[in-house]
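I have placed the structure first, in the form of structure tokens, so that the comments after it can refer back to it.
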């Protein structure tokens with residue numbers, strides 16, 4: 001009887017720890033989303049890089065590539081997507097204000113067809129997934145990111 005209560009107590013503790021961890025993670029993401037929405041107008045520098053090359057854009061050069069409302073349509077990144085994409089990002093894009101990173105997105109190259117998944121709105125040209133670095137969030141707005149990648153390729 002004592003062993004059952006011990007197991008029951010351990011299960012309750014594990015559930016409590018999981019619930020607390022989930023709550024704090026969601027709270028952290030909500031705060032970061034709010035910060036990005038409040039401070040996006042102050043972004044004055046963009047740094048885009050891949051493994052070999054980095055391009056920095058400041059002030060007026062960066063302005064055309066800054067999404068005014070970057071978090072309008074987002075979705076949770078699920079682990080099942082991981083097997084469809086490379087482990088390392090193809091591109092990393094940092095949006096900075098006064099030298100401090102506001103947020104960073106990573107673009108992951110697909111390894112195999114993802115047409116069966118429900119993430120098509122979060123893909124660029126059907127092969128690059130846009131994910132918020134450090135969070136399990138996908139972005140669906142890509143016009144500015146696409147034009148930034150095209151600009152990056154002209155500077156290589």
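The values are calculated or read from the model by the stated rules, or taken from the named source; none is laboratory data. All figures in this text were calculated on a predicted structure; none of them were measured in a lab. Cβ: placed from backbone, ideal geometry, glycine included. Neighbour counts: every protein chain shown.
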Quick one: how many residues across segment 122-156 are within 14 Å of the chain's Cα centre (by Cα) and assigned to a helix (DSSP H, G or I)? 2
With (1) part of a helix (DSSP H, G or I); (2) over 15 Å from the mean Cα position of the chain (by Cα); (3) surrounded by 14 or more Cβ atoms within 10 Å (Cβ to Cβ) as the list, and residue 83 as the residue in question, which single condition is left unmet? (3)
Flag if residue 149 is touching a helix residue (DSSP H, G or I) at 6+ places or on another chain (Cβ under 9 Å) and touching a residue at least 40 places away in the same chain (Cβ under 8 Å): no
The condition of being surrounded by fewer than 13 Cβ atoms within 10 Å (Cβ to Cβ) and under 20 Å from residue 31 (Cα atoms) holds, among 58, 73, 120, only for 73
Please enumerate the residues belonging to segment 46-78 that are over 17 Å from the mean Cα position of the chain (by Cα), part of a strand (DSSP E or B) and either without any contact (Cβ under 8 Å) to a residue 12 or more places away in the chain or closer than 11 Å to residue 93 by Cβ (or both). 54, 55, 56, 57
Among (1) out of contact with any strand residue (DSSP E or B) (no Cβ under 7 Å at 6 or more places or on another chain); (2) at pLDDT 90 or above; (3) within 22 Å of residue 128 (Cα to Cα), there is one condition residue 100 misses while meeting the rest; what is its number? (3)
Those residues of segment 103-121 which are under 24 Å from residue 68 (Cβ atoms) and either assigned to a strand (DSSP E or B) or modelled with pLDDT of 85 or more (or both) amount to 103, 104, 105, 106, 107
Could you say which residue among 131, 96 is surrounded by 12 or more Cβ atoms within 10 Å (Cβ to Cβ), touching a residue at least 24 places away in the same chain (Cβ under 8 Å) and over 24 Å from residue 60 (Cα atoms)? 131
